[in-house]
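Here is the structure we will look at, set down as structure tokens.
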Amino acid sequence: MTAPADAAAAGPGSPRALLRAMLRVRRLEEACVRLYTEQKIRGFLHVSIGEEAVVAGVTSALEPGDAIVATYREHGHALLAGIPARKLMAEMYGRAEGCSHGRGGSMHLFDADARFFGGNAIVAGGLPLAVGLALADAMQGRDRVTVCFFGEGAMAEGEFHESINLAALWRLPVLFCCENNLYAMGTALARSESQTDLALKASSYGVPSWEVDGMDALAVADAARKAVDSVRAGGGPYFLELRTYRFRAHSMFDPERYRERAEVAAWMERDPIPLLRSSLTSAGDLDDAGWAALEREAEDEVQDAIAFAEAGTLEPIETLERFVYSEGRAP
Amino acid sequence: MKTTYREAMRAALREALQRDDRVFLMGEDVGAYGGCYAVSLGLLEEFGPERVRDTPLSESGFVGAGIGAALNGMRPIVEIMTVNFSLLALDQIVNSAASLLHMSGGQFNVPLVIRMTTGAGRQLGAQHSHSLEGWYAHIPGLRLLAPATLEDARGMLWTALADPDPVLIFEHGSLYAAEGELADDAGPVGIDRAEIRRPGTDVTLITYGGTLPLTLDAAAQLAERGVAAEVIDLRTLRPLDEETILASVARTHRAVIVDEAWRSGSLSAEIAARIAEKAFYELDAPVARVCGAEVPMPYPKHLEEAALPSAARVVAAALEAVGAGA
């Protein structure tokens, strides 16, 4: 990238924008881990530290109106979908000001404005929803795309097969993004799948399927752009296997007995943030001051979010049974 | 006009497809086959494959797709062949459809209608005959309907479609062929209240869906023996119209619950508990239940019949309650 002033270079898929997006997610999640140990955040907390290139790259290819369905490891997806960090952090705190009114917590982030449909803690449970969101778009003649994120563990679930089959059969505008971090909680891919070539597996449904280096934000953004363009142009569903790695445990409760420290260390050598930073630096597109500015911005956003969450209010107990049924029967 | 339960359901589907472009029907064999109980016969020809969609055999996939479509502006009617098969979609129904509104803090309601058959009586064995609607009645966030009459078969669907939340409609397989008179202008009906199908003063018989006809039969037999039974058709299994039940028990002081489902942990158990909680001092006799035998449904006719509630068993239970038992 040699022309940082170029409009395209400054767009959402530009290296600098990707770096900024990844940094925002990283700092937010690092804060979540800290706050979890301080018991400000409770429940299960699954962070995606190490996997930021996937979400930054894929979301960079989306447009307003596109929908996202994600898993329980979705803080980054939610943030980059456009949910304000304040609302996310308030949700972690269980505050009324949270993006799900405090009723969802870390695993159930939702936001209608951002068209962010969870935050789904049932592995593969979001896949049929994504198919349905896309079906509605197709039936109503809208050229929106629905992106569905899921882990490689979901590919062993029947719902993966049911969903991709249905999407392919009806040529629906869904982008299936498999975040292959090699472990379904503690079960390694080779111990759970007879076919470990996931793109091959997906392609058996007649869906264009590609394997992408999920530690390289530029590669992800590039693949996502092609995929989204194809889906939006009416090409039917598309599948990306994004090969990535989570640097931290599955959740804050995970003693991590199932993988070697050396393996984690080897993957950390390919941390997507330093990787992109050094490539920008060596191309002369980012100096230390530029990096410091990005760092400061990310940190400020997190601190502001924490302050907002700390000052948040709790829903009164009297509202406990709200939102079980809609208020007012007319749709 | 003379019609059948099946034709009344079909008329309701046709009207829904005509009235609202957002409505579409989706499920296994709803199109080319004509609906496995012939409910949607002819609708594919009338509305085309976009709006009458045959799905693959993937209950979780197409029920979940229905939820997604409902979230995104459509009004899907999803048909699952039987309640037994709906277990393959249980995750989507419970973890998504029923939970999304609450989990999202009120942002995402799911205006989805799911229809399915339920019940036994046709010698279909243990994997096509169960009455599992009571399980769904356990789940907050769902509304459950059990049309037992032609009016309800014709009228509940449109009201269900107007509901912003997921509605499950349970159609007892033995009712489809039921024939009777239905007003030409029959239209939408309320889905909030139970109905007293036969007034009486001596005992309240509480039932719904497929067991309504035999319960009415039992009430007629009881009348011949001088016992005036009141018959309540629940119509909506969740939320329960407790008020109608309690008011009736306050008049008759005796209750018999008729439910084809198994007794343990059932809807009949819930109703009995509520009567005990809220109308205990009104009771002149223990609450009685006539339920299905606690076995996976056997195939042979005599065993299936023995496993199911019958008018004779209801009569016996009611006579016992009024102190006129053998």
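The values are calculated or read from the model by the stated rules, or taken from the named source; none is laboratory data. Owing to the predicted nature of the structure, the values given are computational and were not obtained by experimental measurement. Glycine gets a Cβ as well: all are built from the backbone with ideal geometry, and neighbour counts include every protein chain shown. For the accessible areas, the whole protein counts, side chains as well, though only heavy atoms, and no ligand, DNA or RNA atoms are used. Shrake-Rupley method; radii C 1.70, N 1.55, O 1.52, S 1.80 Å.
If you check A:Ala81 against the conditions, is it touching a residue at least 12 places away in the same chain (Cβ under 8 Å), farther than 25 Å from A:Leu218 by Cβ and surrounded by fewer than 24 Cβ atoms within 10 Å (Cβ to Cβ)?
no
Please find, among B:Thr201, B:Thr215, the residue that is under 24 Å from B:Ile275 (Cβ atoms), open to solvent by 10 Å² or more (accessible area, probe 1.4 Å) and not acidic (Asp, Glu). Step through it out loud before you land on a result.
Values: B:Thr215 fails: open to solvent by 10 Å² or more (accessible area, probe 1.4 Å).
Criteria check complete, one pass: B:Thr201.
Taking B:Leu57, is it more than 7 Å from chain A (Cβ to nearest Cβ), under 23 Å from the mean Cα position of the chain (by Cα) and open to solvent by 10 Å² or more (accessible area, probe 1.4 Å)?
Numbers: more than 7 Å from chain A (Cβ to nearest Cβ): yes; under 23 Å from the mean Cα position of the chain (by Cα): no; open to solvent by 10 Å² or more (accessible area, probe 1.4 Å): yes.
No: the conditions fail for B:Leu57.
Which residues, counting only those in segment A:298-321, are of a type in the set (Asp, Glu), outside any helix (DSSP H, G or I) and closer than 19 Å to A:Cys99 by Cβ?
Listed by number, the list holds a single entry, A:Glu315.
Here is a yes/no grid of residues against (1) buried (at least 22 other Cβ atoms within 10 Å of the Cβ); (2) free of Cβ contacts under 8 Å to residues at least 12 places away in the same chain:
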residue	(1), (2)
B:Glu270	no, no
B:Ala273	no, yes
B:Tyr281	no, yes
B:Asp284	no, no
B:Gly292	yes, no
B:Pro296	no, no
B:Ala306	no, no
B:Ser310	no, no
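Please report, ordered by residue number, the helices (runs of 4 or more DSSP H) entirely within segment A:148-232 with at least 2 residues that are closer than 23 Å to A:Met268 by Cα. Steps first, please.
Working: elements: A:158-169, A:189-192, A:198-203, A:217-230.
By residue number, A:189-192, A:217-230.
Give me the residue from segment B:244-261 that is in a helix (DSSP H, G or I) and touching a residue at least 12 places away in the same chain (Cβ under 8 Å) and, out of that set, most open to solvent (accessible area, probe 1.4 Å).
Per the stated criteria, the residue is B:Arg251.
Which one is nearest to A:Val69 (Cα to Cα), of the residues in segment A:88-104 that are open to solvent by 10 Å² or more (accessible area, probe 1.4 Å) and within 9 Å of chain B (Cβ to nearest Cβ)?
By that ranking, first place goes to A:Gly104.
Please give the helices (runs of 4 or more DSSP H) falling wholly within segment A:65-146 in which 1 or more residues are out of contact with any helix residue (DSSP H, G or I) (no Cβ under 6 Å at 6 or more places or on another chain) and among the charged types (D, E, K, R).
A:85-92, A:126-139
Does B:Leu17 satisfy being more than 19 Å from B:Val110 (Cα to Cα) and outside any strand (DSSP E or B)?
no
Which one of the conditions (1) surrounded by fewer than 15 Cβ atoms within 10 Å (Cβ to Cβ); (2) over 18 Å from A:Ile49 (Cα atoms); (3) modelled with pLDDT of 95 or more; (4) not hydrophobic (A, V, I, L, M, F, W, C) does A:Ser230 fail to meet, given that it meets all the rest?
That leaves (1) as the condition not met.
Tell me which residues, restricted to segment A:275-315, are of a type outside the set (Gly, Ala, Ser), more than 24 Å from the chain's Cα centre (by Cα), more than 14 Å from chain B (Cβ to nearest Cβ) and exposed (fewer than 11 other Cβ atoms within 10 Å of the Cβ).
A:Asp288 - this is the single residue of segment A:275-315 that is of a type outside the set (Gly, Ala, Ser), more than 24 Å from the chain's Cα centre (by Cα), more than 14 Å from chain B (Cβ to nearest Cβ) and exposed (fewer than 11 other Cβ atoms within 10 Å of the Cβ).
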